[in-house]
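Working notes, structure below.
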């Protein structure tokens, strides 16, 4: 093993980073855009090749970046022979596609977008083949589904493009979901999510009871991605994509991801009967079926699509056989298929681009019109047919050789015959591709007069065809890469000997039969195609659409049934279910012994209890009369505060009572604009039902809390009590917990409160500018108003109270660290003092004297609290570590300064700002409603009369 | 004393649940206020009830204090529940002003799923 530093990570990330560039570079022109799109893959390829010597000497390059090692989550990558082969294909073909697409895309297509999608997809594919952690692999797997969706649907204006993209996403995405399950099972069996660990544990996995579920789930993922029967149908529909996309996704990358996965998992999952019968059979069937369909397709790309499905079946079949020789043949065919299929897709694109049609029935005779394309496409197609001296011949021989001695369910003829049939059909559609497109008479009714394109467009397929021929003529050049990749797949040391001539083997006769048979099919094409057209065939798209529609209809029925807009019903179901679950849990038993004595009930507590119970009952009975209910709610809040005082919680009592005041003010303000009474709407049945649910919930919660209180429980609070002064420098443990031990929580909470304030402000803005604003302007509030809205006594007394209340607030804030108090309470107290001004002297008068915006106050509060926390970083301590010390200034007594106080100041400011912003927003309604607004502090100012008398006199 | 607190929590919860099952937003706001009291008391009481032992340190040792942790949790809960109530009040006020009533349930004449505003 070699440590790759971060180079592997860089390879995987380069396309993602590069994806940002083309969208910008398109402004500099199409050439610049394409050039810059090619830079990231070129760089990544260069880095990859740096590692080539290690890989070819049998080494493995690894990079590991731990994230949550306890959970097995780490960004780890590794590069072995198989990964190297795939990464080379992804990057190499990627470069060729970038070049080809530069000339293929027309001026109307947004090219920057295209390259961005392409690079995203490339990054995701690289991630799959380089990931060591299977969870990471799953993420990249899903990313390929998503980015291929963007690529396939690139021509958004075409309905076929959109539908094809959706279908591909649905099928491959669903398979991906199944695969997540399979991978998690695999990780569970082995106890590690690292592929390198999993690959060592083949025996353990195959003997596990969970082998079958894992196998099926993982194969679902692989089969959907690699378009194996019965999931093959999405691939031909994905042909609505631009041809460069098809050439990239369906030759080298997307569909090979499933093959890659099967190859990757080969040492672990293969070698069992289940593997052989599922994988080899599906592969073989797919190979024959798709080849058969391909013959009769008239759309060039569709023909190639089904041929791709067929060749993927070919690969799946070889991997399914489970022998090392077959796996080696599969690895070789991955390379071979890439070369001829990418070339063919690009040739089909060229023909489409030049002749403006891909319909074979409208083509023919292009041999003389497009000689270059003719040579490229024909050589590639001959390779696809498996004609000697091309590379396709080599792998077809290897495949037939493997098939010749495979016994399927005791039958030794079935597999060889099916494989030969597959090869025959494959030869047939390849011959038809050449014969019906390039041969025959030159026609005069092409949609566009075709001729060869420029060099830029045919350079990429030409290079691939050179590879086809070089490997075909000199097979040994491919040996090193095939050896190293096949060794990585099988885990054994593989040394192949690739040759054109193996002697008079059964495979040679099968191959001969296939070629001759293919020629015969071509000769009999017209009668055969008439027969094919007459055959009834299931149309996959119709079935798929029907399936999707019925699932959507089912989902809609369930949603509409459950989600009918009746909020009260949801709440009733929710509460009822919770009570039921609680009951079930209680039935389960397991309660500890009662070990805490009851406290005595003093008479005052009994009085308070009576008030609280009576208050609650009155709220329930009086809730239709809204003002009265509000007043009674205040009493309940008061009793709760009293309970806090009695039960040793002074901080809570202070907070509760100030929050109570603010809440009642808020509700009163809101009620001013709402109906004052609730009409009777629910019948007796409903009320009884709700009553029963309510009593059940109340009884459950009451019993639960009683059970809690009668038992001593282990608590972590001893730590807080012991360290509050030592570590936090405060005697008030509650306050120290808030600003120090659990300062992070408090920080989050003040942010939530600040957001609540801003939400209310934003809502008010939206409301006032919408139809509600109009309604408000037309409302008549004149009846509700008292004659003297700002009474003299109140104005004067609140103004006197303001400095006193402010001082109380400051006092409570300052002593908070050692005595009951602190930022929360102080903020609320000052808010109440300010609110009193609003109530007494009116909105406009008070607002005119408001210097600091409340939004800013919230912001300052959060920033101060955050900066205090960050200050700890300066000393290399974690966020929100606090410190304290004592200061001595003459003539003041020595006093304590703690950094937590600065944090508390942030809390104070946020609470104050949020509360004020909320009430301020509500008060703004009044102004908008067109009420007369006073700019004077009082409606009747007695000093006016004095002044007037003086002036008169 | 435990029975006093437990029965208070039970009554507040029952009252709160009954009110949140009413059809009007205002009743639901009242119900949620009652429920917040109940929940705050519940969390507070989970530390066990003690009298005259506030968690204000006055000497050495850690004996003789009530559990400070539930108090700290409830303190922020009180403030946050105020924020929540305020948002709810504003939303229901907005709904009332937009629609002319403060009913909670969407009825059949108004399309629940389309999310389109009323045509009227």
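Read the figures in this text as sums done on the coordinates, not as results from a lab. Everything numeric here is computed off the predicted structure, so don't read it as measured data. Note: ideal-geometry Cβ built from the backbone for every residue, glycine included; neighbour counts use all protein chains shown.
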Hey, what did chain A get for relative contact order, percent, Cα under 8 Å, at least 6 apart?
8 percent
If one puts a single equal scatterer on every Cα of chain B and applies the Debye formula without solvent, what log₁₀ I(q)/I(0) results at q = 0.13, 0.19 Å⁻¹?
-0.68, -1.05
Distances longer than 19 Å among the Cα atoms of the stretch A:395-495: what percent of all pairs is that?
70 percent
Tell me the relative contact order for the stretch A:583-731 as a rounded percent, counting alpha carbon contacts under 8 Å between residues six or more apart.
28 percent
How many percent of Cα pairs in the stretch A:626-728 exceed 16 Å?
77 percent
Any idea what Rg and Dmax come out to for the stretch A:496-593 if you just take the C-alpha atoms, in Å?
33.0, 91
Under the classification rounded if a/c is under 1.5, otherwise prolate if a/b is larger than b/c and oblate if not, where does the protein assembly as shown fall, given a ≥ b ≥ c as square roots of the Cα gyration tensor eigenvalues?
prolate
In Å and on Cα atoms, what radius of gyration and Dmax does the stretch A:646-700 show?
17.6, 45
Rounded to the nearest 10 degrees, what's the angle between the helix A:81-104 long axis and the longest principal axis of chain A, both from Cα atoms, 0 to 90?
90 degrees
One can check that the equivalent ellipsoid of the stretch A:684-758, built from the alpha-carbon gyration tensor with semi-axes equal to the square roots of five times its eigenvalues, has lengths in Å, largest first, of 38, 23, 7
Viscosity 1.002 mPa s, temperature 20 °C: what is the translational diffusion coefficient of the stretch A:367-429 from Stokes-Einstein with a Kirkwood Rh over Cα pairs, rounded to a whole number of µm²/s?
165 µm²/s
Computed on Cα atoms, Rg of the stretch A:439-505 relative to 2.2 N^0.38 Å comes out at 1.83
Restricting attention to the alpha-carbon atoms of the stretch A:229-302, what are Rg (one decimal) and Dmax (integer), both in Å?
14.4, 42
How far is helix A:391-404 tilted off the main Cα axis of chain A, in degrees rounded to 10, range 0 to 90?
90 degrees
Peptide A:558-571: average number of partner chain Cβ atoms within 10 Å per residue?
4
Extent along principal axes [Cα atoms of the stretch A:738-953; Å; largest to smallest]:
70, 50, 25
I'd like the orientation of helix A:506-523 relative to chain A: the angle between its Cα long axis and the longest Cα principal axis, in ° from 0 to 90, rounded to 10.
90 degrees
Distance in Å, no decimals, from the C-alpha centre of the stretch A:1-71 to the one of the stretch A:138-169 is 24 Å
Decide, for the stretch A:214-368, between rounded, prolate and oblate: order the square roots of the alpha carbon gyration tensor eigenvalues as a ≥ b ≥ c, take rounded if a/c falls under 1.5, and otherwise choose prolate if a/b is larger than b/c, else oblate.
prolate
